[in-house]
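Single-structure report; data block below.
What follows draws every value from the coordinates through simple rules; no lab data is involved. Computed from a predicted structure; not experimentally measured. Here Cβ is always computed from backbone atoms with ideal geometry, including for glycine, and neighbour counts include all displayed protein chains.
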Amino acid sequence: MSNAPTLDHPTFAIVKEAFPGKTFRATEYRGQPTLIVAPDSLHEVLAFLRDDARCAYNFLSDVIGVDYLDYPAHTIGRFAVIYNLCSYSRTDRFFVKVFLDPSLPTGGIEEDPALYLDSVCDLWPGAEWPEREVFDMFGIRFRNHPDLRRILLWKDYPGHPLRKDYPLRGRGERENYPVIDRTDA
């Protein structure tokens with residue numbers, strides 16, 4: 001008996017049927033299905049997965065950023081944003097992944113027009129903070145986000161530290177911290 005994935009999760013067929021003109025990729029690893037979507041189709045597909053009664057992914061558990069720089073296997077783009085969806089009625093998880101490829105060097109904090117996605121805060125209000133974290137750590141911006149600003153680092157932090165080309169020791173941020181002792185408090 002083979003342990004190869006069968007890609008037989010019913011949501012794959014439902015999405016393929018609902019969007020006949022769109023191209024998707026699908027993977028399944030250890031029973032966890034992942035649908036790979038183009039950035040321009042992301043919001044529409046996520047709204048469908050939430051609203052269609054056959055899917056009913058009514059809870060967004062997390063929004064995750066990944067940097068695939070120097071990843072040994074071929075990927076569609078350097079960065080990925082992954083949406084972890086849950087269906088309460090079936091106790092089922094479904095992952096939706098979108099790849100983005102930067103059009104500018106990623107060493108600084110400049111806005112890259114290729115690193116934009118539509119926010120899903122209108123679909124799941126709980127996406128506000130995870131999207132802010134992905135923005136803060138990876139520099140991926142979300143259109144129509146109600147409050148897109150840094151959440152973990154200060155406003156003028158010089159980069160996005162979870163990018164793999166960011167130096168491990170930072171760029172001098174630690175050396176610029178003011179030393180505060182008990183007499184300053």
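Once amide H atoms are placed 1.01 Å from N in the peptide plane, what residues at a sequence separation of 5 or more from residue 36, or on another chain, have their amide H within under 5 Å of its amide H?
25, 26, 27, 97
By how many nm would the segment from residue 62 to residue 104 grow when fully extended, if each residue of separation counts as 0.36 nm and the alpha-carbon distance is taken off?
Gain on stretching residue 62 to residue 104: 12.4 nm.
Take every DSSP beta bridge whose two residues both sit in the range 27-185, then give the antiparallel share in percent to the nearest 5.
Beta bridges within the range 27-185, antiparallel portion: roughly 75 percent.
Evaluate the distance, in nm, between pseudo-label points positioned 7 Å from the Cα of residue 40 and of residue 8 along their respective Cα→Cβ axes.
Calculated label separation equals 3.6 nm.
Where in the range 6-35 is the amide nitrogen less than 13 Å from a point lying 7 Å along the Cα-to-Cβ axis of residue 54?
Only 9-20 pass the distance filter.
Based on the Cβ-Cβ distance of residue 181 and residue 114, what FRET efficiency does E = 1/(1 + (r/R0)^6) give at R0 = 45 Å, to the nearest 0.05?
Once rounded, the FRET efficiency stands at 0.50.
Charges on Cβ only, +1 for Lys and Arg, -1 for Asp and Glu, centred on the Cα centroid of the chain; of 114, 180, 10, which one is farthest towards the dipole's positive end?
Toward the positive end, the furthest listed residue is 10.
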